[in-house]
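Please read the structure below before turning to the comments.
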Amino acid sequence: MGKNLPGYFGEFGGRYSPEILTEALEELESTYQKLKKSKKFKKELEYYLKNYVGRPSPLTYAERLTKLWGGARIWLKREDLNHTGAHKINNAIGQALIARFMGKKRIIAETGAGQHGLATATVGAMFGMETIIYMGAVDVERQNLNAKKIEMLGAKILPVTAGEATLKEATSEAMRDWALNVSTTHYIVGSAIGPHPFPTIVRDFQSFIGTEARAEFKKRNHKLPNAIVACVGGGSNSIGMFHAFLKDKQVAIYGAEAGGLGSKPGEHSATLTYGKTGFLHGTKTLIIQDEFGQIVPAHSVSAGLDYPGVGPEHAHLSQTGRVDYRMVTDEQALDSFLEVTRVEGIIPALETAHAFHVARDVAKDLGKKKDLIICLSGRGDKDVTEVLRLLGERSK
Amino acid sequence: MSKIKSLFDSRSFKSAFIPYFTLGDPNYNDSIEFGKTILDNGADILELGIPFSDPVADGPVIQRAVARSLKNPFSFEEIFRVTKAIHDHKPETPLVYLTYFNPIYHCGISKFLDRAKESGIVGLVIPDLPFDTEESEILFQELKVRDMDLIHLVTPASEKKRIQALSKTSSGFIYYVTSFGVTGERREFSVDLKERIKFLKDTIQLPICAGFGISTPEQSNQISQYADGIIIGSAIQRIIEENGSDRTKAVLALADYISKIRASIS
Ligand SMILES: Cc1ncc(COP(=O)(O)O)c(C=O)c1O
C-alpha cells in the first residue's frame, strides 16, 4: 500500500499527479538514483557548486545582532552570497544536470519571489537550454527586478493571471506545460514540493546548506549549535538546513512560516499552523483549505512564502514534533528586515526576515553562551522597491 | 452489475457519447437545464464536473468554467441537489463525476460516495489520483461495494506494465487520453491513436473511451471507428461560456451540438 512506496514521509508525500506525468516522474527517479551513485555526477555537481555558485558559503558570526538581542550567539549561513543571491541555485544546477543527462533541451520552472526563476534562467543560459518561467502576474509586479533579470538572461516569462496570480497558479501552469511537453522538457520544481521524487531531489540538492553549516560550526567551535532556524515557504532552504541536524536530538530546530496579516483564511500562508491534510500539486501534505477541500488563497508580504501548501517532509516533521514551526506576521518580518539591514549591513530577503524574527525569540530563550544558526536564504535586493512601498504605507 | 457495464454489454450504439460539463457554471440552476438538454439530445453517459480550485489536468476553457462556477458559493449539498435533478430527468443514463481528489477526501470517502450514489452517480473519474496509491485502492473497494465504478485514465505515455497493473483496480471503462497535455480542443491527434486503442482493447477487458481534445463531428466519427466511446468536455464548455449569460440560447446551442455529435458516431 501507498505508505510503503518510496517518496512518503510518514503519511505525507507520494505521487498524486495526472497520469500523463507518471512515466516522466519514473524516468526522473531512476535517472536520479543512478546519478546519485555516480562519482562523475557528484564531481560535476561539486564543480559547479564551487566554481559557479561559490560554495561553500561562509558561516558569519553576527556579533552586532548577538549583542542587540542579548541572548544566544547568532551565526548566519550565507546563502545570500551564492551567485544569483539565494539558495535556489543549488537545486537549479543539480536538476539542470539531470535534465541534460536525460537529453532534455527545454527547462521550465515556477517562481514566486523570482529567485528560483532567476536561478533557472541562469543555468538555462549557462547550459544553453531553452527556458520558460511561469510567474504569477502579481509577482511579476512585486518582484520586478528579478522578472527583468530573468528576461535579460534570455528566458521567457509567462505571467499567470488565473486565481490570485501568485505562486500556486504559477505552479499549476508549469505542471500543465510539463504534461504537454513531457518528452522534451524537464520541469525544475523550485521547492521541496510536488510529486515524488521532487521533494527528495530538492532536499538532497539543498542539503549542502546544513551539511556545510554543521561541519564549519563544529570545526570552529568544537561542538554543535543549540538551535537552528530557517524560513519555510515550500520548504527547500529549510529542509536543506534541517536535514543534517535531524538526528542531533540536542539541536532544537525552528521553522518560520508566513503569518501574513492575521489568522483568517486568505490572510496568511501559515500552512503548518492552519493547514489540514490534503492533496495539491501532486503531493499529500498540509494545505490551507476550506470546509469543502477548496484551496484557500494564501497571503504573505514575501512572494516566496506565499503558497498554501508545504513540502511533505515538513508536514511530517511538524506532526512528529521534531521541528517547531512558528508564525511571523508581515509587520514583524518587515521590522526584522530593517533591523538586520541596519545592524549587520546585510539586506536579507523578506522571506529570510521571517526566520530572523523567530531567531530573536529563540536566542532570548536560549540565553547567553548558547549558539544559534540562521539560514540566511537570500538577499533582499529584489525586495527593496516593495519594502519602500510598504514603509510609505506604514507612515500614512 | 454496474450500470456502466450493463450499458456497454447491451449497447445499441457504435460508440458511446460521453459529454462533460462543470456544475455551477454560470450557476447551479442553469446546470440542471444544461444537463437535461444534453441528456435529451443523446448522451449515453454524462460526466458532471465538481469544480476544484486548482484543476491541474485542465486547459484554459475548463479552468475558466471552474472559476465561474466557484464564484457561486460552493457546497456539496448544491452539487448533490443538482445531480439528483439531472438524474431524475432521465434515470436510465449513467452519471459519473469528474473531480480532483482533494474535495472528496475532505468530504470523507464513504460519506461522499453514499451521497453521490443517492444522487444518481454511478462512477468517478479523478485525474490526480493514480491507481497505485493507497487512497485509490481504498476508493476502488468502497466503490465496488456500492456497485459503482472507478474510471482510470490511460495516456499515450503509459507503459504496458502499468496498464496491466491498472486493469486490476479499474472498472466501468478506461478513459484514454488521446494526446499529451491538458484538456482542450485540438486539431490533430497522435498518429498512433488507433494502434494504442487497439492495444488497450487487447490488454484490458473494459471499453476504451477516448477523450481530451475532441471537438468536431468529423473527429468523433473518425475516432468512433475504433474507440468504444467519445468524451467531449472543452467544446461543450465553450458553448456554455459563449452563450451562458442567456439560458435559452445556451440550451439551443447545446442541443444542436450534442445531437450533431451523437449522429456522427451512431
Ligand atoms: C530568499 C528566499 N528564501 C526562501 C524562499 C522560500 O522558499 P523555500 O521554502 O523553498 O526555501 C524563497 C522563495 O522564493 C526565497 O527566494
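Observations on the model:
- Taking chain A and dividing mean pair separation by its residue count, relative contact order in percent (alpha carbons under 8 Å, at least six apart): 21
- Short-range pairs are left out: with C-alpha atoms under 8 Å and at least six residues apart, the relative contact order of the range B:3-264 is 24 percent.
- Solvent-accessible area buried by A and B, counting both chains, probe 1.4 angstrom, square angstrom: 3200
- Taking A:ILE253, A:ILE193, A:ILE346 in turn, the Gaussian network model of chain A (Cα-Cα springs below 10 Å) assigns the largest fluctuation to A:ILE346.
- Element breakdown for the protein assembly as shown at a 1.4 angstrom probe: carbon and sulfur atoms account for 53% of the accessible area.
- Choice from A:MET327, A:MET241, A:MET126 with maximal GNM fluctuation in chain A (Cα, 10 Å cutoff): A:MET126
- Shape parameters for the range B:193-266, alpha-carbon atoms, Rg then Dmax in Å: 14.4, 46
- Prolate/oblate/rounded label for the range A:1-103 (Cα gyration tensor, a/c 1.5): oblate
- Cα-centred dipole magnitude for the protein assembly as shown, charges only on beta-carbon of K, R (+1) and D, E (-1), debye, nearest 20: 2440
- Ellipsoid fit via the Cα gyration tensor, the range B:72-194: semi-axes of 26, 18, 14 Å, each the root of five times an eigenvalue, largest first.
- When B:CYS107, A:CYS231 are compared by accessible surface with a 1.4 Å probe, the order from highest to lowest is B:CYS107, A:CYS231.
- A:ARG379 exposes around 80 Å² of accessible area when a 1.4 Å probe is run over every protein chain in place.
- Mean-square fluctuations from a GNM of chain B, with a 10 angstrom spring cutoff on Cα atoms, peak among B:SER234, B:SER167, B:SER179 at B:SER167.
- Once the 1.4 Å probe is applied to the protein heavy atoms, the range B:3-264 comes out at 36 Å² accessible per residue.
- Only one residue of B:VAL56, B:THR83, B:LEU98 has its Cα farthest out toward the positive end of the dipole of the range B:1-155, where Lys and Arg carry +1 and Asp and Glu -1 on Cβ, and that residue is B:THR83.
- For the range A:167-207, a drop of 30 Å² or more in accessible area on going from the chain alone to the assembled protein chains (1.4 Å probe) is found at A:ARG176, A:LEU180.
- Each Cα pair of the range A:307-396 feeds into the Kirkwood radius, which the Stokes-Einstein equation turns, at 25 °C and 0.890 mPa s, into a diffusion coefficient of 168 µm²/s.
- The modelled label-to-label distance for the pair B:ARG247/B:ASP88, using points 7 Å beyond Cα in the direction of Cβ, is 1.6 nm.
- Förster radius 51 Å - calculated FRET efficiency between A:HIS222 and A:GLN294, Cβ distance, rounded to 0.05: 0.45
- Average partner coverage of A:16-29, which counts Cβ from other chains inside 10 Å: 6
- Environment charge at B:SER69 (Cβ cut-off 14 Å; Lys +1, Arg +1, Asp -1, Glu -1): -3
- Reduction of at least 20 Å² in accessible surface, 1.4 Å probe, comparing all protein chains with the chain by itself, residues of the range B:107-140: B:PRO127, B:ASP128, B:PRO130, B:ASP132, B:THR133, B:GLU134, B:GLU135, B:GLU137
- Net charge dipole size for the range A:321-361 [Lys, Arg +1 and Asp, Glu -1 on Cβ; Debye, nearest 20]: 160
- Estimated FRET transfer efficiency when R0 is 45 angstrom, pair B:THR203-A:ASN51 (beta carbons, to 0.05): 0.35
- Label-point separation in nm, B:ASP114 to A:ALA215, each point 7 Å along Cα→Cβ: 5.8
- Values of log10 I(q)/I(0), in the order q = 0.15, 0.23, 0.24 Å⁻¹, for the range A:179-286 under a Debye, Cα-only, solvent-free model: -0.76, -1.24, -1.29
- Three-way shape label, the range B:1-50, alpha-carbon gyration tensor, a/c 1.5: prolate
- Only one residue of A:LEU317, A:THR185, A:GLY293 has its Cα farthest out toward the positive end of the dipole of chain A, where Lys and Arg carry +1 and Asp and Glu -1 on Cβ, and that residue is A:LEU317.
- Measuring how big the range A:97-202 is from its alpha-carbon positions, Rg and Dmax come out at 12.6, 36 Å.
- Taking only the alpha carbons of the range B:153-211, we obtain Rg and Dmax values of 11.2, 34 Å in that order.
- The range A:6-78: GluC sites (Glu not before Pro) in DSSP loop, at most 14 other beta carbons within 10 Å: none
- Extension gain from B:GLU137 to B:SER75, taking 0.36 nm per residue of separation minus the Cα-Cα distance: 19.7 nm
- Förster-model FRET efficiency, 30 Å R0, B:LYS161 and A:SER38, C-beta, rounded to 0.05: 0.70
- Average other protein chain Cβ within 10 Å of Cβ, residues B:172-179: 1
- Cα centroid separation, the range A:281-335 to the range B:242-266 (Å): 44
- Heavy-atom accessible area order for A:GLU173, A:GLU331, largest first, 1.4 Å probe: A:GLU331, A:GLU173
- Panel note: contact residues of the range A:277-322 (accessible area lowered by at least 30 Å² against the chain on its own; 1.4 Å probe) correspond to A:THR277, A:PHE279, A:PHE292, A:GLY293, A:GLN294, A:ILE295.
- Averaged over peptide B:74-83, the number of partner chain Cβ atoms lying within 10 Å of each residue's Cβ comes to 1.
- Placing +1 on the Cβ of every Lys and Arg and -1 on the Cβ of every Asp and Glu, with no other charges, gives chain B a dipole of roughly 440 debye about its Cα centre.
- Gyration tensor verdict on the range B:3-264 (Cα atoms; rounded if a/c is under 1.5, prolate if a/b is larger than b/c, oblate otherwise): rounded
- Projecting the alpha carbon convex hull of the protein assembly as shown along each direction and taking the average yields 28.4 nm².
The values are calculated or read from the model by the stated rules, or taken from the named source; none is laboratory data. Worth saying up front: this structure is predicted, and the values here are computed from it rather than measured. Counting neighbours? That spans all protein chains shown, and the Cβs are built from the backbone with ideal geometry, glycine included. Surface areas here come from the heavy atoms of the whole protein model, side chains and all, with no ligands, DNA or RNA. Shrake-Rupley method; radii C 1.70, N 1.55, O 1.52, S 1.80 Å.
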